[in-house]
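A.B. asks: For reference, the structure I am asking about is given below.
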Amino acid sequence: MRRRRTAPAAEGEGFLASISDLMAALLFVFIATVLVFANRLRAAEARAREQEQRARQTNEQLEKERAKFDAEHRGVADARRDLVALLFRNLQAKGLLGLEKTLDTDAAEQGVLHLPEGAVSFSRGKYDFDGAQSVSNLAAVAQELANVLPCYAVSPRPTGDCPASSKTYKLEAMLFEGHTDSHPFMVNGTDLNLYLSTERAIQTYKTVIHRQPVLDDLRNANHQKVLSVAGYGAERLLDSGTGPDADRNNRRIDLRFILTAMASADPTPKVTGP
């Protein structure tokens, strides 16, 4: 005859079954949690890879833009230097009196052509030219500017042969800049060097325009006049000396050429120099 299980044995088996069910549930929760974290980790890694790829693509694009900008900037600097060198050579060939014997290459890199006191001279403390030679020299300068600058203007269109660089690089502005020596020009207790240099630049500009009116018609990409003036007094000395030679070097008219790089079919300026 079969014996019936005792109550304590049945209770023990039920307890073990409950523990087993609890452990199974905990294991399921643990596995589910691991899977959730694993999925989140994979998603985070995917986002990180995507962000890294976007960052790499952005950096590559920036490097391309930087290389393009550097190339355009170098192109502007080269075109600016070549324009100044061309004008200098042509004026030298014309035998312009008082022009420097050699081109100031540092100035040419900045788009500046010096007309020293020997080339353009003014009466002391005045903006009148000191003799007919200065007017004659400016006539030669005006003629050379009229021969070359239309190539670098957006309008009107040039009629003659032009340098190759003028197709890509155009004038934003050309400044007649007046400079004095370091000695104050005092009138009623006021140093008028700044005023004097500006008036001398204006007088030079008017003389050039009078000789070659076509220059006053030149326009940049914004349809603004190319030619303008500026006066710096003694603020931009070429020679830091204090003797007569330094004073002569500092008294000058500078021609400053500011070029922009143009897209082939777009008259909007891209890079400006200097």
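The values are calculated or read from the model by the stated rules, or taken from the named source; none is laboratory data. Every value quoted in this text rests on a predicted model; they were computed, and no experiment measured them. We place every Cβ from the backbone using ideal geometry, glycine too, and count neighbours over all the protein chains shown.
A.B. asks: Look at region 130-169 and say how many of its residues are part of a helix (DSSP H, G or I), in contact with a strand residue (DSSP E or B) (Cβ under 6 Å, 6 or more places away or on another chain) and over 18 Å from residue 110 (Cα atoms). Walk me through how you get there before you give the answer.
C.D. replies: Our first condition is that a residue be part of a helix (DSSP H, G or I); within region 130-169, this holds for 132-152, 164-167.
Retained after the next criterion (residues that are in contact with a strand residue (DSSP E or B) (Cβ under 6 Å, 6 or more places away or on another chain)): 135, 152.
Remaining after also requiring over 18 Å from residue 110 (Cα atoms): 135.
The number of residues fulfilling the criteria is 1.
A.B. asks: Of all the residues that make up region 170-182, how many are part of a strand (DSSP E or B) and at pLDDT below 95? Spell out the reasoning first.
C.D. replies: Residues of region 170-182 that are part of a strand (DSSP E or B), as a first pass: 170-179.
Next, only the ones that are at pLDDT below 95 stay: none.
So the answer is 0.
A.B. asks: Please determine whether any residue of region 196-217 is in contact with a His (Cβ under 8 Å, 6 or more places away or on another chain) and either in contact (Cβ under 8 Å) with a residue 60 or more places away in the chain or surrounded by 17 or more Cβ atoms within 10 Å (Cβ to Cβ) (or both). First the steps, then the outcome.
C.D. replies: To start, the set of residues in region 196-217 that are in contact with a His (Cβ under 8 Å, 6 or more places away or on another chain) comprises 197.
Subset that is either in contact (Cβ under 8 Å) with a residue 60 or more places away in the chain or surrounded by 17 or more Cβ atoms within 10 Å (Cβ to Cβ) (or both): 197.
Scanning region 196-217 turns up at least one residue that is in contact with a His (Cβ under 8 Å, 6 or more places away or on another chain) and either in contact (Cβ under 8 Å) with a residue 60 or more places away in the chain or surrounded by 17 or more Cβ atoms within 10 Å (Cβ to Cβ) (or both).
A.B. asks: Another question, if that's okay. Assuming residue 175 fulfils every condition listed in (1) touching a residue at least 60 places away in the same chain (Cβ under 8 Å); (2) closer than 22 Å to residue 250 by Cα; (3) surrounded by fewer than 16 Cβ atoms within 10 Å (Cβ to Cβ) apart from one, which condition is it?
C.D. replies: For residue 175, the failing item is (3).
A.B. asks: Tell me the residue from 65, 50 that is over 34 Å from the mean Cα position of the chain (by Cα) and among the acidic types (Asp, Glu), please.
C.D. replies: Working: 65 fails: over 34 Å from the mean Cα position of the chain (by Cα).
Testing whether each residue is over 34 Å from the mean Cα position of the chain (by Cα) and among the acidic types (Asp, Glu) leaves just 50.
A.B. asks: Of all residues in region 240-274 being part of a loop (DSSP other than H, G, I, E, B) and within 24 Å of residue 141 (Cα to Cα), which is modelled with the highest pLDDT?
C.D. replies: The initial filter retains those residues of region 240-274 that are part of a loop (DSSP other than H, G, I, E, B), namely 240-243, 251, 264-265, 274.
Still in the running and within 24 Å of residue 141 (Cα to Cα): 251, 274.
Working: 251: 95, 274: 52.
My answer is 251.
A.B. asks: Right, something else. Right, residue 101: over 22 Å from the mean Cα position of the chain (by Cα), exposed (fewer than 14 other Cβ atoms within 10 Å of the Cβ) and of a type in the set (D, E, K, R) or not? Please lay out each step first, then the result.
C.D. replies: On the way: over 22 Å from the mean Cα position of the chain (by Cα): yes; exposed (fewer than 14 other Cβ atoms within 10 Å of the Cβ): yes; of a type in the set (D, E, K, R): yes.
Answer is yes for this residue.
A.B. asks: A further question on this structure: Given the condition in contact with a Pro (Cβ under 8 Å, 6 or more places away or on another chain) and not acidic (Asp, Glu), answer yes or no: does some residue in region 88-97 qualify?
C.D. replies: We begin by selecting, within region 88-97, every residue in contact with a Pro (Cβ under 8 Å, 6 or more places away or on another chain); these are none.
No, the conditions are met nowhere in region 88-97.
A.B. asks: Same structure again: From (1) at pLDDT below 95; (2) more than 18 Å from residue 179 (Cα to Cα); (3) not polar (S, T, N, Q), pick out the condition that doesn't hold for residue 99.
C.D. replies: If we test residue 99 against (1) at pLDDT below 95; (2) more than 18 Å from residue 179 (Cα to Cα); (3) not polar (S, T, N, Q), just (2) comes out false.
A.B. asks: State all residues of region 140-159 that are loosely packed, with under 15 Cβ neighbours inside 10 Å and either at pLDDT 95 or above or of a type in the set (Lys, Arg) (or both); if no residue qualifies, say none.
C.D. replies: Passing the criteria: only 157.
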